[in-house]
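Novice: First the structure, then my questions, so here it is.
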Amino acid sequence: YYDQYLLGNDSSKDLLINCADWLVDNAVTRNDTLVWEYNYGWPTYNITPNFISGMSQSGAIRVLAIAHNLTGEDRYIQGAKRGLEVFYLEVDKGGVTYKDADGWWYEEYAQPGLDIEPRVLNGHMAVLIDLYEYYDLTKDGSAKELFDLGLGDLKANLDSYDTGSWSRYDLVGNNAVKKYHEFHISQLQALYNITGDALFETYRDSWLYYELAYLHEYMAEIEKDIVKLRSYQ
């Protein structure tokens, strides 16, 4: 809606504000922060209902910051600031963050007491992009601090998501399906655009090469099938 509004579609502003109003009305207070809960479970990681997500948090606060900039209404930015605070809380304390030696990792599927730490790659990178855009909108130093901490952890651990021929979805044994592999590539491009860090350019190019190799292999298999079909004629 915001992109459409920037392109001159004024009616999209009302739709965006409607989303922001929903976020304000449906936020849940937890540990003096605002969170947006999922009221269902997620069997992949044995997660039960009412879990929260770093990716949802960052997306929500970005929308609220945009709504504040468009309307000047304080309730949007106050909700955004309270939503930002959850990134300072570790997962086991009701937040969305794993605090490591190299920085902080923002979990897409965050729930205390899990036997595993999914550490979903696309979710963490989405948070970083949202945090930077939130900082760009608000100039809130806390968002830049969180971005820098998350960036450090990503750079230190990005190699763990590279199989040598594809990207991993998480660190508990799931490789990315094709659409998420492509999403990783676009996110790496976005992070390179933000930071200018050649590391993100390198992984973007490597993972793009993996995708092209996959497509080449896929097309070779199709050609084999075509040859077989012709032999039956």
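Novice: Mind counting the residues in segment 57-107 that are assigned to a loop (DSSP other than H, G, I, E, B), of a type in the set (Asp, Glu) and either surrounded by 24 or more Cβ atoms within 10 Å (Cβ to Cβ) or without any contact (Cβ under 8 Å) to a residue 24 or more places away in the chain (or both)? Full working, then the answer.
Specialist: Of segment 57-107, the ones assigned to a loop (DSSP other than H, G, I, E, B) are 72-73, 89, 94-96, 101-102, 107.
Now restrict to residues that are of a type in the set (Asp, Glu): 73, 102, 107.
Applying the additional criterion that residues be either surrounded by 24 or more Cβ atoms within 10 Å (Cβ to Cβ) or without any contact (Cβ under 8 Å) to a residue 24 or more places away in the chain (or both) yields 73, 107.
Total satisfying the criteria: 2.
Novice: Mind listing just one residue for me: the one in segment 39-50 that is hydroxyl-bearing (Ser, Thr, Tyr) and assigned to a loop (DSSP other than H, G, I, E, B) and, of those, most open to solvent (accessible area, probe 1.4 Å)? Lay out the reasoning, then the answer.
Specialist: First pass over segment 39-50, keeping only residues hydroxyl-bearing (Ser, Thr, Tyr): 40, 44-45, 48.
So of that shortlist, the ones also assigned to a loop (DSSP other than H, G, I, E, B) come out as 40, 48.
On the way: Tyr40: 104, Thr48: 77 Å².
The residue in question is Tyr40.
Novice: Turning to a different aspect of this structure: Tell me which of these Leu34 doesn't satisfy, since it passes every other one: (1) part of a helix (DSSP H, G or I); (2) in contact (Cβ under 8 Å) with a residue 40 or more places away in the chain.
Specialist: Every condition holds for Leu34 apart from (1).
Novice: Could you please give the count of residues in segment 175-193 that are open to solvent by 50 Å² or more (accessible area, probe 1.4 Å) and touching a residue at least 24 places away in the same chain (Cβ under 8 Å)?
Specialist: 4
Novice: Can you pull out every residue in segment 1-38 that is open to solvent by 80 Å² or more (accessible area, probe 1.4 Å), closer than 19 Å to Gly95 by Cβ and either touching a Phe, Trp or Tyr at 6+ places or on another chain (Cβ under 6 Å) or of a type outside the set (D, E, K, R) (or both)?
Specialist: Selection gives Thr29, Asn31.
Novice: Would you point out which residue out of Asp159, Asp153, Asp170 is touching a Phe, Trp or Tyr at 6+ places or on another chain (Cβ under 9 Å), part of a loop (DSSP other than H, G, I, E, B) and of a type in the set (D, E, K, R)?
Specialist: Details: Asp159 fails: part of a loop (DSSP other than H, G, I, E, B); Asp153 fails: part of a loop (DSSP other than H, G, I, E, B).
Only one candidate passes the filter, namely Asp170.
Novice: Kindly check whether there is at least one residue in segment 11-19 that is under 17 Å from Ala65 (Cβ atoms), modelled with pLDDT of 95 or more, under 21 Å from the mean Cα position of the chain (by Cα) and outside any helix (DSSP H, G or I).
Specialist: No, every residue in segment 11-19 fails to be under 17 Å from Ala65 (Cβ atoms), modelled with pLDDT of 95 or more, under 21 Å from the mean Cα position of the chain (by Cα) and outside any helix (DSSP H, G or I).
The values are calculated or read from the model by the stated rules, or taken from the named source; none is laboratory data. Since we're looking at a predicted model, the values are computed, not measured. Cβ atoms come from the backbone with ideal geometry, glycine included; neighbour counts cover every protein chain shown. Calculation scope for accessible area: heavy atoms of the full protein, side chains included, ligands and nucleic acids excluded. Shrake-Rupley method; radii C 1.70, N 1.55, O 1.52, S 1.80 Å.
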